[in-house]
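*Asks:* Take this structure, written in structure tokens, and hold onto it; I'll ask about it next.
The values are calculated or read from the model by the stated rules, or taken from the named source; none is laboratory data. None of these values were measured; they are calculated from a predicted model. We place every Cβ from the backbone using ideal geometry, glycine too, and count neighbours over all the protein chains shown.
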Ligand SMILES: Cc1cc2nc3c(=O)[nH]c(=O)nc-3n(C[C@H](O)[C@H](O)[C@H](O)COP(=O)(O)O)c2cc1C
């Protein structure tokens, strides 16, 4: 049996379509007996700290150089890395905000990705991710529809895939979308969206 980590990043609470979609994914995984434990990380309840100068210094120190104050600054980063490390499946929900991911999710990613932690450099200069063999489901909600825009305006799925593959080693990413939430009389059928899951 496997454990899932559920990341919520829309500030709209119970009204959020991305959270509705990610919750439907989690429930289906439970129904199919693919998951028996869920850890929820709601970024709106405990927002990730933004990177500041002091924290960036700690990110690049060798572990033996980090003192007690540094350890405290790294507390959030360590907590979310451990959650990722312990999960087999990660379900991430995000609203589309100005074509990109939510700022909360970006702040979470900036805490997750760390040299020597989420990825390592090899002797030949190549990188190896440290969070391999995990599956990510990405749940995106947008007011409009991708089909209305040029293809190169797709930034969310491509960005998440790039960051995870380069800096965590996770390459198994499956995306589901709720589109057109801003349309008049919009109705959502989550089961229909995830019917192939
Ligand atoms: C600040 C902001 C920016 C947004 N930018 C876009 C956008 O670029 N494209 C789009 O289709 N919808 C955009 N929307 C609409 C949201 O994507 C839509 O409301 C979606 O349902 C949000 O996800 P949520 O329901 O999980 O909060 C934006 C909404 C807000 C509040």
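*Asks:* Please determine whether any residue of region 174-190 is in a helix (DSSP H, G or I), over 23 Å from residue 80 (Cβ atoms) and out of contact with any strand residue (DSSP E or B) (no Cβ under 7 Å at 6 or more places or on another chain).
*Replies:* Yes, region 174-190 contains a residue that is in a helix (DSSP H, G or I), over 23 Å from residue 80 (Cβ atoms) and out of contact with any strand residue (DSSP E or B) (no Cβ under 7 Å at 6 or more places or on another chain).
*Asks:* Look through 118, 102 and report the one residue that is surrounded by 15 or more Cβ atoms within 10 Å (Cβ to Cβ), in contact with a strand residue (DSSP E or B) (Cβ under 8 Å, 6 or more places away or on another chain), modelled with pLDDT of 95 or more and under 22 Å from residue 20 (Cα atoms).
*Replies:* Just one listed residue meets the conditions, 102.
*Asks:* Of 14, 20, which residue is part of a helix (DSSP H, G or I) and surrounded by fewer than 17 Cβ atoms within 10 Å (Cβ to Cβ)?
*Replies:* None of the other options fit; the residue is 14.
*Asks:* Does region 128-165 hold any residues that are within 13 Å of the ligand (Cβ to nearest atom) and touching a strand residue (DSSP E or B) at 6+ places or on another chain (Cβ under 9 Å), and which are they?
*Replies:* 138, 139, 140, 141, 142, 143, 144, 145, 146, 147, 155, 156
*Asks:* I've got another one for you. Could you figure out which of (1) crowded, with 21+ Cβ neighbours inside 10 Å; (2) more than 15 Å from the ligand (Cβ to nearest atom); (3) not in a strand (DSSP E or B) isn't true of residue 90?
*Replies:* Evaluating residue 90 over (1) crowded, with 21+ Cβ neighbours inside 10 Å; (2) more than 15 Å from the ligand (Cβ to nearest atom); (3) not in a strand (DSSP E or B) leaves (3) as the failure.
*Asks:* Of all residues in region 43-56, which are in a helix (DSSP H, G or I) and surrounded by 14 or more Cβ atoms within 10 Å (Cβ to Cβ)?
*Replies:* Listed by number, the list holds a single entry, 55.
*Asks:* Just checking, does region 25-42 include any residue being part of a helix (DSSP H, G or I), in contact (Cβ under 8 Å) with a residue 40 or more places away in the chain and within 16 Å of the ligand (Cβ to nearest atom)? Spell out how you get there, then give the answer.
*Replies:* Going residue by residue through region 25-42, those that are part of a helix (DSSP H, G or I) are 25-31.
With the extra rule that they be in contact (Cβ under 8 Å) with a residue 40 or more places away in the chain, the set shrinks to 25-26, 28-29.
From what is left, the residues that are within 16 Å of the ligand (Cβ to nearest atom) are 25-26.
Yes, region 25-42 contains a residue that is part of a helix (DSSP H, G or I), in contact (Cβ under 8 Å) with a residue 40 or more places away in the chain and within 16 Å of the ligand (Cβ to nearest atom).
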